[in-house]
Amino acid sequence: MWGGRFAEGPSAVMREINASIPFDKRMWQQDIAGSQAHAAMLAAQGILTAEDAAAIRSGLDGVAELYARDGVAEDLALEDIHMQTEARLAEAIGPAAGRLHTARSRNDQVATDFRLWVRDAIDSVDAALGQLQDALIARADEHADTVMPGFTHLQVAQPVTLGHHLMAYHAMVARDRGRFADARARLNRCPLGAAALAGTGFPIDRETTARALGFDGPTDNSLDSVSDRDFAIEYLTAAVQASLHLSRMAEEFVLWASQPFGFVSLSDAWSTGSSIMPQKRNPDAAELVRGHSGRILGCMTALMVTMKGLPLAYSKDMQDDKPPVFEATDLLALSIAAMTGMVESATFRPARMRAALEAGFPTATDLADWLVREAGLPFREAHHVTGRTVKLAEERGIALDALPLADLQAIDPRITESVYDVLTVDASVRSRTSFGGTAPDRVRAAVAAARAARAKEVA
(Lines give C-alpha, C1' and ligand atoms only; values in the text may rest on other atoms or scores of the structure.)
Protein backbone atom coordinates (compact mmCIF):
# COMPACT_ATOMS: atom_id res chain seq x y z
CA MET A 1 0.00 0.00 0.00
CA TRP A 2 3.00 2.26 0.33
CA GLY A 3 5.20 0.61 -2.29
CA GLY A 4 4.98 3.28 -5.00
CA ARG A 5 7.96 5.08 -3.52
CA PHE A 6 10.13 1.94 -3.36
CA ALA A 7 11.77 -0.12 -6.10
CA GLU A 8 12.30 -3.18 -3.90
CA GLY A 9 10.26 -4.89 -1.22
CA PRO A 10 11.33 -5.09 2.40
CA SER A 11 13.65 -7.79 3.66
CA ALA A 12 12.19 -10.69 5.58
CA VAL A 13 13.50 -9.27 8.85
CA MET A 14 12.13 -5.84 8.03
CA ARG A 15 8.78 -7.35 7.20
CA GLU A 16 8.70 -9.13 10.54
CA ILE A 17 9.87 -6.25 12.70
CA ASN A 18 7.57 -3.82 10.92
CA ALA A 19 4.41 -5.91 11.20
CA SER A 20 2.00 -5.39 14.07
CA ILE A 21 -0.79 -7.64 12.82
CA PRO A 22 0.08 -10.46 15.29
CA PHE A 23 -1.10 -8.24 18.16
CA ASP A 24 -3.13 -5.34 16.74
CA LYS A 25 -5.58 -7.79 15.17
CA ARG A 26 -7.28 -7.59 18.58
CA MET A 27 -8.59 -4.20 17.49
CA TRP A 28 -10.49 -5.46 14.46
CA GLN A 29 -13.90 -4.54 15.85
CA GLN A 30 -12.75 -1.01 16.63
CA ASP A 31 -11.10 -0.75 13.21
CA ILE A 32 -14.32 -1.77 11.46
CA ALA A 33 -16.36 0.67 13.57
CA GLY A 34 -13.99 3.55 12.83
CA SER A 35 -14.02 2.79 9.12
CA GLN A 36 -17.81 2.61 9.03
CA ALA A 37 -18.11 5.97 10.76
CA HIS A 38 -15.49 7.54 8.47
CA ALA A 39 -17.17 6.23 5.32
CA ALA A 40 -20.59 7.46 6.45
CA MET A 41 -19.16 10.93 7.14
CA LEU A 42 -17.40 11.06 3.76
CA ALA A 43 -20.69 10.22 2.04
CA ALA A 44 -22.62 12.81 4.05
CA GLN A 45 -20.05 15.43 3.06
CA GLY A 46 -20.25 14.48 -0.62
CA ILE A 47 -16.66 13.22 -0.65
CA LEU A 48 -17.84 9.69 -1.43
CA THR A 49 -20.65 8.87 -3.81
CA ALA A 50 -23.68 7.15 -2.35
CA GLU A 51 -22.89 4.09 -4.47
CA ASP A 52 -19.32 3.77 -3.17
CA ALA A 53 -20.45 4.43 0.40
CA ALA A 54 -23.06 1.67 0.19
CA ALA A 55 -20.51 -0.75 -1.25
CA ILE A 56 -18.00 0.10 1.48
CA ARG A 57 -20.61 -0.24 4.23
CA SER A 58 -21.74 -3.64 2.98
CA GLY A 59 -18.19 -4.75 2.35
CA LEU A 60 -17.05 -3.82 5.87
CA ASP A 61 -19.99 -5.76 7.29
CA GLY A 62 -18.77 -8.76 5.32
CA VAL A 63 -15.20 -8.32 6.56
CA ALA A 64 -16.48 -8.16 10.14
CA GLU A 65 -18.39 -11.42 9.59
CA LEU A 66 -15.22 -12.98 8.17
CA TYR A 67 -13.14 -11.91 11.18
CA ALA A 68 -15.78 -13.08 13.64
CA ARG A 69 -15.98 -16.46 11.96
CA ASP A 70 -12.38 -17.19 11.00
CA GLY A 71 -10.29 -14.72 12.95
CA VAL A 72 -7.82 -12.27 11.45
CA ALA A 73 -5.11 -13.79 9.28
CA GLU A 74 -1.54 -12.90 10.28
CA ASP A 75 -0.28 -11.91 6.84
CA LEU A 76 2.94 -9.98 7.50
CA ALA A 77 2.78 -8.44 4.04
CA LEU A 78 -0.41 -6.72 5.23
CA GLU A 79 1.43 -5.38 8.22
CA ASP A 80 -1.39 -4.16 10.47
CA ILE A 81 -5.12 -4.47 11.05
CA HIS A 82 -5.80 -1.38 8.92
CA MET A 83 -4.08 -2.77 5.81
CA GLN A 84 -5.55 -6.19 6.48
CA THR A 85 -9.08 -4.77 6.55
CA GLU A 86 -8.57 -2.64 3.45
CA ALA A 87 -7.20 -5.65 1.56
CA ARG A 88 -10.15 -7.82 2.57
CA LEU A 89 -12.50 -5.00 1.60
CA ALA A 90 -10.85 -4.69 -1.81
CA GLU A 91 -11.29 -8.41 -2.38
CA ALA A 92 -14.99 -8.00 -1.64
CA ILE A 93 -15.89 -4.78 -3.49
CA GLY A 94 -13.00 -3.97 -5.80
CA PRO A 95 -11.44 -0.52 -6.44
CA ALA A 96 -14.06 1.37 -4.40
CA ALA A 97 -12.27 0.08 -1.30
CA GLY A 98 -9.40 2.44 -2.10
CA ARG A 99 -11.66 5.43 -1.54
CA LEU A 100 -12.17 4.56 2.13
CA HIS A 101 -8.78 5.99 3.08
CA THR A 102 -9.64 9.44 1.72
CA ALA A 103 -8.98 12.18 4.31
CA ARG A 104 -7.42 9.89 6.88
CA SER A 105 -4.07 8.33 7.71
CA ARG A 106 -3.11 5.20 9.55
CA ASN A 107 -1.83 7.62 12.20
CA ASP A 108 -5.24 8.98 13.15
CA GLN A 109 -6.84 5.63 12.38
CA VAL A 110 -4.74 3.71 14.90
CA ALA A 111 -5.09 6.48 17.49
CA THR A 112 -8.86 6.19 17.12
CA ASP A 113 -8.91 2.40 17.18
CA PHE A 114 -6.68 2.32 20.24
CA ARG A 115 -8.82 4.83 22.13
CA LEU A 116 -11.91 2.80 21.30
CA TRP A 117 -10.19 -0.38 22.48
CA VAL A 118 -9.00 1.15 25.75
CA ARG A 119 -12.45 2.61 26.33
CA ASP A 120 -13.99 -0.84 25.89
CA ALA A 121 -11.36 -2.31 28.20
CA ILE A 122 -12.19 0.26 30.89
CA ASP A 123 -15.88 -0.61 30.66
CA SER A 124 -15.06 -4.31 31.02
CA VAL A 125 -12.71 -3.75 33.96
CA ASP A 126 -15.27 -1.52 35.68
CA ALA A 127 -17.96 -4.19 35.38
CA ALA A 128 -15.61 -6.84 36.79
CA LEU A 129 -14.60 -4.61 39.71
CA GLY A 130 -18.28 -4.02 40.42
CA GLN A 131 -18.76 -7.78 40.72
CA LEU A 132 -15.82 -7.94 43.14
CA GLN A 133 -17.50 -5.24 45.19
CA ASP A 134 -20.70 -7.29 45.25
CA ALA A 135 -18.77 -10.28 46.61
CA LEU A 136 -17.10 -8.15 49.28
CA ILE A 137 -20.43 -6.59 50.28
CA ALA A 138 -22.12 -9.98 50.64
CA ARG A 139 -19.35 -11.48 52.78
CA ALA A 140 -19.02 -8.31 54.88
CA ASP A 141 -22.73 -8.42 55.67
CA GLU A 142 -22.39 -12.09 56.63
CA HIS A 143 -19.50 -11.29 58.99
CA ALA A 144 -20.49 -7.90 60.39
CA ASP A 145 -20.21 -9.34 63.93
CA THR A 146 -17.22 -11.65 63.40
CA VAL A 147 -14.30 -10.35 65.45
CA MET A 148 -10.73 -10.69 64.27
CA PRO A 149 -7.37 -9.06 64.95
CA GLY A 150 -6.72 -5.69 63.42
CA PHE A 151 -3.00 -5.57 62.74
CA THR A 152 -0.31 -2.94 62.59
CA HIS A 153 3.21 -4.17 61.77
CA LEU A 154 1.48 -7.59 61.50
CA GLN A 155 1.12 -7.48 65.29
CA VAL A 156 -2.27 -7.70 66.98
CA ALA A 157 -3.34 -4.09 67.52
CA GLN A 158 -7.08 -3.69 68.15
CA PRO A 159 -10.21 -5.76 67.61
CA VAL A 160 -12.01 -5.24 64.33
CA THR A 161 -14.73 -7.15 62.56
CA LEU A 162 -14.15 -9.27 59.48
CA GLY A 163 -16.95 -7.34 57.82
CA HIS A 164 -15.11 -4.09 58.43
CA HIS A 165 -11.89 -5.58 57.08
CA LEU A 166 -13.58 -6.72 53.87
CA MET A 167 -15.28 -3.35 53.42
CA ALA A 168 -11.83 -1.72 53.53
CA TYR A 169 -11.11 -3.49 50.24
CA HIS A 170 -14.51 -2.43 48.94
CA ALA A 171 -13.45 1.18 49.54
CA MET A 172 -10.18 0.60 47.69
CA VAL A 173 -11.99 -0.93 44.73
CA ALA A 174 -14.38 2.04 44.67
CA ARG A 175 -11.41 4.39 44.25
CA ASP A 176 -9.97 2.13 41.57
CA ARG A 177 -13.22 2.36 39.65
CA GLY A 178 -13.11 6.13 40.05
CA ARG A 179 -9.64 6.27 38.53
CA PHE A 180 -10.77 4.24 35.54
CA ALA A 181 -13.80 6.51 35.14
CA ASP A 182 -11.56 9.58 35.20
CA ALA A 183 -9.27 8.05 32.58
CA ARG A 184 -12.25 7.19 30.40
CA ALA A 185 -13.59 10.73 30.55
CA ARG A 186 -10.27 12.19 29.42
CA LEU A 187 -9.69 9.73 26.57
CA ASN A 188 -13.18 10.16 25.13
CA ARG A 189 -12.17 12.52 22.33
CA CYS A 190 -11.90 11.35 18.74
CA PRO A 191 -8.60 11.71 16.80
CA LEU A 192 -10.12 10.68 13.48
CA GLY A 193 -9.69 13.49 10.96
CA ALA A 194 -6.30 14.57 12.27
CA ALA A 195 -4.91 12.54 9.35
CA ALA A 196 -1.14 12.02 9.36
CA LEU A 197 -0.37 14.99 11.62
CA ALA A 198 -1.67 18.24 10.10
CA GLY A 199 -5.35 17.63 9.42
CA THR A 200 -6.77 17.42 5.90
CA GLY A 201 -7.91 19.73 3.13
CA PHE A 202 -11.06 17.68 2.49
CA PRO A 203 -14.27 19.19 3.92
CA ILE A 204 -14.74 16.54 6.59
CA ASP A 205 -17.04 16.76 9.61
CA ARG A 206 -15.14 15.55 12.66
CA GLU A 207 -18.02 16.25 15.03
CA THR A 208 -20.22 13.80 13.16
CA THR A 209 -17.55 11.10 13.18
CA ALA A 210 -16.88 11.61 16.87
CA ARG A 211 -20.56 11.32 17.78
CA ALA A 212 -21.00 8.21 15.63
CA LEU A 213 -18.24 6.49 17.62
CA GLY A 214 -19.57 7.54 21.01
CA PHE A 215 -16.94 10.20 21.70
CA ASP A 216 -17.72 13.48 23.41
CA GLY A 217 -16.20 15.35 20.49
CA PRO A 218 -13.06 15.54 18.34
CA THR A 219 -9.58 16.12 19.70
CA ASP A 220 -8.43 19.74 19.53
CA ASN A 221 -4.99 19.54 17.93
CA SER A 222 -4.01 17.32 15.02
CA LEU A 223 -0.38 16.95 16.13
CA ASP A 224 -1.38 15.96 19.64
CA SER A 225 -4.07 13.64 18.30
CA VAL A 226 -1.65 11.27 16.62
CA SER A 227 1.45 11.67 18.78
CA ASP A 228 0.40 11.05 22.37
CA ARG A 229 -0.61 7.93 24.22
CA ASP A 230 -1.25 9.48 27.60
CA PHE A 231 -4.73 7.94 27.57
CA ALA A 232 -3.14 4.48 27.45
CA ILE A 233 -0.61 5.40 30.16
CA GLU A 234 -3.37 6.74 32.37
CA TYR A 235 -5.33 3.54 31.85
CA LEU A 236 -2.27 1.50 32.81
CA THR A 237 -1.71 3.70 35.85
CA ALA A 238 -5.23 2.91 37.03
CA ALA A 239 -4.64 -0.76 36.22
CA VAL A 240 -1.45 -0.78 38.29
CA GLN A 241 -3.18 0.73 41.31
CA ALA A 242 -6.06 -1.73 41.04
CA SER A 243 -3.59 -4.61 40.77
CA LEU A 244 -1.75 -3.39 43.86
CA HIS A 245 -4.98 -3.47 45.85
CA LEU A 246 -5.73 -6.95 44.51
CA SER A 247 -2.21 -8.02 45.43
CA ARG A 248 -2.63 -6.84 49.01
CA MET A 249 -5.91 -8.72 49.29
CA ALA A 250 -4.29 -11.79 47.78
CA GLU A 251 -1.39 -11.59 50.24
CA GLU A 252 -3.83 -11.57 53.14
CA PHE A 253 -5.55 -14.65 51.76
CA VAL A 254 -2.14 -16.34 51.48
CA LEU A 255 -1.38 -15.50 55.12
CA TRP A 256 -4.84 -16.34 56.40
CA ALA A 257 -4.85 -19.72 54.63
CA SER A 258 -1.55 -20.75 56.23
CA GLN A 259 -1.63 -23.09 59.23
CA PRO A 260 -0.20 -20.53 61.71
CA PHE A 261 -3.11 -18.20 60.92
CA GLY A 262 -5.88 -20.58 59.89
CA PHE A 263 -8.33 -17.73 59.39
CA VAL A 264 -9.67 -19.03 56.08
CA SER A 265 -9.94 -22.15 54.00
CA LEU A 266 -9.88 -21.58 50.26
CA SER A 267 -12.12 -23.77 48.15
CA ASP A 268 -10.71 -26.53 45.97
CA ALA A 269 -11.55 -24.38 42.95
CA TRP A 270 -8.93 -21.83 43.99
CA SER A 271 -6.26 -24.11 45.46
CA THR A 272 -3.69 -26.56 44.11
CA GLY A 273 -1.77 -29.49 45.53
CA SER A 274 1.84 -30.55 45.61
CA SER A 275 3.48 -33.09 43.32
CA ILE A 276 5.37 -34.59 46.27
CA MET A 277 3.64 -33.50 49.52
CA PRO A 278 0.10 -34.91 49.57
CA GLN A 279 -0.98 -32.85 52.57
CA LYS A 280 -0.49 -29.49 50.84
CA ARG A 281 -3.24 -27.04 49.87
CA ASN A 282 -1.51 -24.20 48.12
CA PRO A 283 -3.20 -20.82 47.59
CA ASP A 284 -1.74 -20.58 44.09
CA ALA A 285 -4.51 -18.39 42.66
CA ALA A 286 -3.83 -15.75 45.31
CA GLU A 287 -0.08 -16.01 44.77
CA LEU A 288 -0.52 -15.52 41.02
CA VAL A 289 -2.68 -12.45 41.59
CA ARG A 290 0.13 -11.13 43.76
CA GLY A 291 2.64 -11.90 41.02
CA HIS A 292 0.56 -10.37 38.24
CA SER A 293 0.72 -6.98 39.91
CA GLY A 294 4.45 -6.83 39.18
CA ARG A 295 3.91 -7.69 35.53
CA ILE A 296 1.20 -5.03 35.18
CA LEU A 297 3.56 -2.48 36.70
CA GLY A 298 6.15 -3.58 34.14
CA CYS A 299 3.66 -2.97 31.33
CA MET A 300 3.10 0.59 32.50
CA THR A 301 6.83 1.18 32.78
CA ALA A 302 7.43 -0.19 29.28
CA LEU A 303 4.95 2.20 27.68
CA MET A 304 6.20 5.18 29.65
CA VAL A 305 9.78 4.49 28.61
CA THR A 306 8.70 4.07 24.98
CA MET A 307 6.99 7.46 24.98
CA LYS A 308 9.37 9.51 27.09
CA GLY A 309 11.69 10.78 24.35
CA LEU A 310 9.60 10.88 21.19
CA PRO A 311 9.40 14.14 19.25
CA LEU A 312 6.12 15.13 17.62
CA ALA A 313 4.40 13.65 15.80
CA TYR A 314 4.20 9.91 15.05
CA SER A 315 7.20 7.58 15.33
CA LYS A 316 7.25 3.85 14.68
CA ASP A 317 8.20 3.24 18.31
CA MET A 318 4.53 3.87 19.04
CA GLN A 319 3.65 0.60 17.36
CA ASP A 320 4.89 -0.97 20.61
CA ASP A 321 2.23 0.88 22.61
CA LYS A 322 -0.35 -1.89 22.32
CA PRO A 323 1.33 -5.10 23.58
CA PRO A 324 1.80 -3.79 27.15
CA VAL A 325 -1.77 -2.51 27.25
CA PHE A 326 -3.13 -5.80 25.96
CA GLU A 327 -1.01 -7.84 28.37
CA ALA A 328 -1.94 -5.71 31.38
CA THR A 329 -5.62 -5.92 30.48
CA ASP A 330 -5.53 -9.70 30.28
CA LEU A 331 -3.64 -10.03 33.57
CA LEU A 332 -5.92 -7.61 35.37
CA ALA A 333 -9.05 -9.39 34.14
CA LEU A 334 -7.68 -12.72 35.41
CA SER A 335 -6.71 -11.19 38.75
CA ILE A 336 -10.11 -9.61 39.34
CA ALA A 337 -11.93 -12.81 38.40
CA ALA A 338 -9.70 -14.88 40.68
CA MET A 339 -10.10 -12.60 43.69
CA THR A 340 -13.85 -12.42 43.17
CA GLY A 341 -14.04 -16.21 43.12
CA MET A 342 -11.91 -16.52 46.25
CA VAL A 343 -13.95 -13.98 48.19
CA GLU A 344 -17.23 -15.61 47.17
CA SER A 345 -16.19 -19.16 48.04
CA ALA A 346 -13.83 -18.75 51.01
CA THR A 347 -14.73 -20.43 54.29
CA PHE A 348 -13.81 -18.06 57.09
CA ARG A 349 -12.99 -19.45 60.56
CA PRO A 350 -14.30 -17.11 63.24
CA ALA A 351 -13.06 -19.25 66.15
CA ARG A 352 -9.46 -19.08 64.92
CA MET A 353 -9.76 -15.35 64.37
CA ARG A 354 -11.09 -14.82 67.88
CA ALA A 355 -8.39 -16.99 69.45
CA ALA A 356 -5.63 -15.06 67.66
CA LEU A 357 -7.23 -11.79 68.66
CA GLU A 358 -7.60 -12.60 72.35
CA ALA A 359 -3.97 -13.75 72.58
CA GLY A 360 -2.66 -10.31 71.73
CA PHE A 361 -4.08 -8.02 74.45
CA PRO A 362 -6.14 -6.19 71.82
CA THR A 363 -8.19 -4.13 74.29
CA ALA A 364 -5.20 -2.32 75.76
CA THR A 365 -6.18 0.89 73.95
CA ASP A 366 -9.71 0.52 75.32
CA LEU A 367 -8.27 0.43 78.83
CA ALA A 368 -6.21 3.56 78.15
CA ASP A 369 -9.26 5.34 76.72
CA TRP A 370 -11.32 4.29 79.77
CA LEU A 371 -8.69 5.75 82.11
CA VAL A 372 -8.84 9.04 80.21
CA ARG A 373 -12.62 9.13 79.97
CA GLU A 374 -13.64 7.75 83.38
CA ALA A 375 -10.66 8.36 85.67
CA GLY A 376 -9.52 11.67 84.20
CA LEU A 377 -5.92 10.65 83.50
CA PRO A 378 -3.92 12.42 80.80
CA PHE A 379 -3.54 10.05 77.89
CA ARG A 380 0.22 9.69 78.29
CA GLU A 381 -0.22 8.65 81.93
CA ALA A 382 -3.06 6.32 80.93
CA HIS A 383 -0.76 4.80 78.32
CA HIS A 384 1.86 4.12 81.00
CA VAL A 385 -0.68 2.55 83.37
CA THR A 386 -2.00 0.37 80.58
CA GLY A 387 1.51 -0.77 79.67
CA ARG A 388 2.07 -1.96 83.25
CA THR A 389 -1.28 -3.77 83.14
CA VAL A 390 -0.39 -5.56 79.89
CA LYS A 391 2.96 -6.59 81.36
CA LEU A 392 1.22 -8.13 84.37
CA ALA A 393 -1.27 -10.02 82.21
CA GLU A 394 1.53 -11.25 79.99
CA GLU A 395 3.50 -12.53 82.98
CA ARG A 396 0.46 -14.45 84.17
CA GLY A 397 -0.51 -15.69 80.73
CA ILE A 398 -4.06 -14.37 80.92
CA ALA A 399 -6.18 -11.80 79.07
CA LEU A 400 -6.67 -8.28 80.41
CA ASP A 401 -10.29 -8.93 81.37
CA ALA A 402 -9.16 -11.95 83.43
CA LEU A 403 -7.06 -9.81 85.80
CA PRO A 404 -8.73 -9.43 89.22
CA LEU A 405 -9.90 -5.94 90.13
CA ALA A 406 -7.54 -5.88 93.14
CA ASP A 407 -4.55 -6.38 90.87
CA LEU A 408 -5.75 -3.61 88.57
CA GLN A 409 -6.23 -1.25 91.50
CA ALA A 410 -2.76 -2.11 92.78
CA ILE A 411 -1.46 -0.62 89.55
CA ASP A 412 -3.78 2.40 89.76
CA PRO A 413 -6.39 2.82 92.50
CA ARG A 414 -8.63 4.93 90.26
CA ILE A 415 -9.64 1.83 88.30
CA THR A 416 -13.16 0.64 89.15
CA GLU A 417 -15.17 -2.45 88.33
CA SER A 418 -16.82 -0.71 85.38
CA VAL A 419 -13.53 -1.09 83.49
CA TYR A 420 -14.58 -4.65 82.63
CA ASP A 421 -17.26 -3.21 80.39
CA VAL A 422 -14.55 -2.24 77.87
CA LEU A 423 -12.02 -5.05 78.27
CA THR A 424 -13.72 -7.74 76.18
CA VAL A 425 -13.15 -7.82 72.44
CA ASP A 426 -16.88 -7.72 71.72
CA ALA A 427 -17.33 -4.63 73.85
CA SER A 428 -14.37 -3.06 72.12
CA VAL A 429 -15.74 -3.46 68.60
CA ARG A 430 -19.21 -2.35 69.70
CA SER A 431 -17.73 0.85 71.06
CA ARG A 432 -16.09 1.89 67.77
CA THR A 433 -19.15 3.74 66.53
CA SER A 434 -17.46 6.73 64.93
CA PHE A 435 -18.22 7.16 61.24
CA GLY A 436 -16.16 4.63 59.33
CA GLY A 437 -15.55 2.60 62.47
CA THR A 438 -15.60 -1.15 63.00
CA ALA A 439 -18.73 -1.44 65.16
CA PRO A 440 -21.12 -4.02 63.68
CA ASP A 441 -23.85 -1.41 63.31
CA ARG A 442 -21.43 0.78 61.36
CA VAL A 443 -20.46 -2.15 59.16
CA ARG A 444 -24.10 -2.89 58.39
CA ALA A 445 -24.69 0.76 57.58
CA ALA A 446 -21.69 0.74 55.23
CA VAL A 447 -22.98 -2.43 53.59
CA ALA A 448 -26.43 -0.89 53.12
CA ALA A 449 -24.94 2.25 51.58
CA ALA A 450 -22.74 0.20 49.26
CA ARG A 451 -25.69 -1.92 48.14
CA ALA A 452 -27.76 1.17 47.46
CA ALA A 453 -24.95 2.65 45.39
CA ARG A 454 -24.63 -0.55 43.37
CA ALA A 455 -28.37 -0.73 42.83
CA LYS A 456 -28.31 2.82 41.50
CA GLU A 457 -25.45 1.92 39.13
CA VAL A 458 -27.25 -1.01 37.54
CA ALA A 459 -30.71 0.55 37.48
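So what's the angle, to the nearest 10 degrees on a 0 to 90 scale, between helix 230-257 and the longest Cα principal axis of the chain? On a 0 to 90 degree scale, this one is about 30.
Roughly speaking, what is the stretch gain from His153 to Thr102, that is 0.36 nm per residue apart minus the C-alpha to C-alpha distance, in nm to one decimal? Numbers along the way, then the final one.
Values: separation 51, 0.36 × 51 = 18.36 nm, distance 6.29 nm.
Between His153 and Thr102, full extension yields an extra 12.1 nm.
Of all the stretches in the chain, which is the longest one without any exposed loop site, taking chymotrypsin sites (Phe, Trp or Tyr not before Pro) in a DSSP loop (any state but H, G, I, E, B) with at most 11 other Cβ atoms within 10 Å? Between the exposed loop sites, the longest stretch runs 7-434. Take Ser11, project a point 7 Å from its Cα along the Cβ direction, then tell me which residues of the range 299-333 have their backbone nitrogen under 14 Å from it. Counting only backbone N, you get no residues. Annotation for Asp421 and Ala181: the two label points, set 7 Å from Cα along the Cα-Cβ direction, are 4.2 nm apart. For the range 357-458, the percent of C-alpha pairs falling in each 10 Å distance bin, counted from 0 to the bin holding the largest distance, reads 15, 40, 24, 12, 7, 2, 0.
With n ≥ 4 as the cut-off for DSSP H runs, can you work out [θ] at 222 nm for the chain, using -39500 (n - 2.57) per run divided by the number of residues, rounded to the nearest 500? Could you put the intermediate results ahead of the total?
Working: 18 runs with 286 residues, N = 459.
Helix contribution divided over all residues of the chain: -20500 deg cm²/dmol.
For an R0 of 30 angstrom, estimate the FRET efficiency from the Cβ-Cβ distance between Glu251 and Gln131 and round to the nearest 0.05. Walk me through the numbers on the way to the answer.
On the way: r = 21 Å, r/R0 = 0.71.
The computed FRET efficiency comes out at 0.90.
Remark: the Asp205-Leu405 segment gains 63.6 nm on full extension, using 0.36 nm per residue and subtracting the alpha carbon distance. Compactness of the chain is given as radius of gyration and Dmax, 30.3, 101 Å, from Cα positions. Rounded to the nearest 20 debye, the dipole magnitude of the range 357-458 is 620 debye, with +1 charges on Lys and Arg beta carbons, -1 on Asp and Glu beta carbons, and the Cα centre as origin.
Considering only alpha-carbon pairs that sit under 8 angstrom and 6 or more positions apart, the relative contact order computed for the chain is 16 percent.
How large is the translational diffusion coefficient of the range 12-102 in µm² per second when you combine the Kirkwood radius over alpha carbon pairs with Stokes-Einstein at 20 °C and 1.002 mPa s? Intermediate values should be presented prior to the final figure.
Numbers: Rh = 13.4 Å.
The Stokes-Einstein estimate is 160 µm²/s.
The residues of the range 12-102 expose, per residue, 46 Å² of accessible area to a 1.4 Å probe. Helix 106-142 against the longest principal axis of the chain: what's the angle in degrees, Cα atoms only, rounded to the nearest 10? The angle comes out near 20 degrees.
Using the 1.4 Å probe convention, the accessible area of the range 118-242 works out to 39 Å² per residue with neighbouring protein chains retained. Solvent-accessible surface of the range 357-458, taken per residue with a 1.4 Å probe and all protein chains present: 54 Å².
Which FRET efficiency value, to the nearest 0.05, do you get for Ala171 and Glu51 by plugging their Cβ-Cβ distance into 1/(1 + (r/R0)^6) with R0 = 56 Å?
Working: r = 58 Å, r/R0 = 1.03.
Once rounded, the FRET efficiency stands at 0.45.
Using a simple spin-label model with pseudo-atoms 7 Å out from Cα toward Cβ, Ser275 and Ala455 lie 5.2 nm apart.
At a Cα cut-off below 18 Å, give the lysines reachable from Lys316, other chains included and same-chain residues fewer than 8 away excluded. Filter leaves Lys25, Lys308. Local charge for Phe23 was computed over the other residues whose Cβ lies under 10 Å away, with Lys and Arg +1 and Asp and Glu -1, and equals -2.
Quick check: net charge around Pro283, other residues with Cβ under 14 Å of its Cβ, Lys/Arg +1 and Asp/Glu -1? So the surrounding residues net to -2.
Excluding Leu332 itself, what net charge comes from residues whose Cβ is under 12 Å from its Cβ, given Lys and Arg +1 and Asp and Glu -1?
Numbers: positive: Arg295; negative: Asp126, Asp176, Glu327, Asp330.
Residues near Leu332 contribute -3 overall.
About the centre of its Cα atoms, the range 12-102 shows a dipole size close to 160 debye [charges on the beta carbon of Lys, Arg (+1) and Asp, Glu (-1) only; nearest 20 debye].
With the simple spin-label model, which puts each label point 7 Å out from Cα in the Cβ direction, the Val390 to Asn18 separation comes to 7.0 nm.
Under a Cβ-only charge scheme (Lys and Arg +1, Asp and Glu -1), can you give me the dipole magnitude of the chain about the Cα centre, in debye to the nearest 20?
Numbers: 46 positive and 60 negative charges, 114 e Å.
The dipole magnitude comes to about 540 debye.
If R0 equals 25 Å, the separation of the Cβ atoms of Asp317 and Asp75 corresponds to a calculated FRET efficiency of about 0.60. Helix 81-93 versus the longest principal axis of the chain: what angle, 0 to 90°, nearest 10, using Cα atoms? So the inclination is approximately 40 degrees. If one computes P(r) from the Cα atoms of the range 285-403, what percent of pairs lie at distances over 26 Å? Value for the range 285-403: 58 percent of Cα pairs lie more than 26 Å apart. Across the range 149-166, coupling constants 3J(HN,Hα) worked out from phi with the 6.51/-1.76/1.60 Karplus curve, θ = phi - 60°, read x, x, 9, 10, 6, 6, 10, 4, 10, 9, x, 9, 9, 4, x, 5, 4, 5 Hz, and Gly and Pro carry x. For the range 53-128, the residue among Ser124, Met83, Ser58 whose Cα projects farthest onto the positive side of the dipole built from Cβ charges is Ser58.
Here's the picture: charge each Lys and Arg Cβ at +1 and each Asp and Glu Cβ at -1 in the chain, and of Leu244, Ser293, Phe361 the one pushed furthest to the positive end of that dipole is Phe361.
The values are calculated or read from the model by the stated rules, or taken from the named source; none is laboratory data. What you see is a predicted model, and the numbers here were worked out from it, not measured in a lab. Don't worry about glycine lacking a Cβ; one is built from the backbone with ideal geometry, like all the others, and counts go over all protein chains shown. Protein only, heavy atoms only, side chains kept; ligands, DNA and RNA dropped before computing areas. Shrake-Rupley method; radii C 1.70, N 1.55, O 1.52, S 1.80 Å.
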